[in-house]
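Below you'll find the structure, written out as structure tokens, and then a few comments.
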Amino acid sequence: MDFVKAEGLGNDFIVVTEPLALSPERIAELCGRKTGIGADGILEITAVDAATVAMRYWNADGGEAEMCGNGLRCVALIAVEHDIVNGPALTIRSAVGDHPATVLPGGIVRAFVGVPHAFRTEELIVAGHAVRPVGVGNPHAVLFVDDVDEADVGGIGPTVEQDAIFPDGSNVEFVEFDEGNRIKVRVWERGVGETQASGTGSAAAAFAARAVQELGDAVTVALPGGELLIEFDDAGAWMTGPAAIVYRGTVD
């Protein structure tokens, strides 16, 4: 199997440009940091037409997810660089809809994440923690904290992720308000653990933050892996941030 190793703000992926037929166990093996290639997940790109590709995504535990925000940027970059599409503007089709994207100079990608929405109108108390459930095509639980660096991500994250209120599990974002239109975020990703960044998680965190504090239409999200710009308009949420190809390889 030929693959490309790619990353967006340290959220790293094994990317293939052919249909996959791998068991969840094999996906988990390939994503293993010690004995495999090492990645937060696997992305599959298939051509639809000259300006459209389809994307599928599996988390590191082998479970298929609805979509992946940082993965969108990596898919866009690879689709353009590999001439799978004609030109820097394309549409990426995921299980939850179409995502227009544009590859800009310097490996920067702007892409449509989706339409964030609160799938419960009230805060929920999950394992003793107040969370705001947000959907961005995939499920998120947002917690506000005073100091994101001190947050017990590894303890609270899996407890919230696996709570019965989320039948398919949930990604969990820990959010601290910073100065101006800026928030700091750490992410516990469903089926993976703590990651350096999350595109959909950034959109969910910015959406929830705007609901409790007056922020503008453009919110800078500072993650351990770097910064994403999340912008809101009538269509929904857009993200702008880097993507990079790390290396290319082949594995049996």
* Describe numerically, in nm with one decimal, the distance between label points set 7 Å from Cα along Cα→Cβ at residue 61 and at residue 218. => 3.8
* Full-extension gain in nm, residue 211 to residue 23, via 0.36 nm per residue minus C-alpha separation -> 63.6 nm
* **Value in Å of the Kirkwood radius, where the chain supplies the Cα pairs that are averaged** => 18.0
* To do: Please give the contour-minus-distance gain from residue 250 to residue 51: 0.36 nm per residue of separation, less the Cα-Cα distance, rounded to one decimal in nm.
  => 68.9 nm
* To do: Let me know the charge dipole size of the chain about its Cα centre in debye, to the nearest 20, where only the beta-carbon of Lys, Arg (+1) and Asp, Glu (-1) is charged.
  => 440
* **Alpha carbon convex hull of the range 117-234, projected area averaged over orientations, nm²** => 6.7
* **Assigned charges on the beta-carbon of Lys, Arg, Asp, Glu; the range 117-234 dipole about Cα centre (debye)** => 300
* To do: List the relative contact order of the range 117-234 as a percent without decimals, with contacts defined as Cα pairs under 8 Å and 6+ residues apart.
  => 20
* So which chymotrypsin sites (Phe, Trp or Tyr not before Pro) in the range 108-210 are both in a DSSP loop and have at most 14 other Cβ atoms within 10 Å of their Cβ? -> 119
* Mark the label point 7 Å from the Cα of residue 194 along Cα→Cβ and return the residues of the range 129-154 whose backbone N is within less than 13 Å of it. => 148-154
* Asked: Using 0.36 nm per residue, how much length does the chain from residue 118 to residue 165 gain when fully extended, once their Cα-Cα distance is taken away?
  -> 15.5 nm
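Read the figures in this text as sums done on the coordinates, not as results from a lab. All values reported here derive from a predicted model rather than from experimental measurement. A quick note on method: Cβ atoms are made from the backbone with ideal geometry, for glycine too, and the neighbour counts reach across all protein chains shown.
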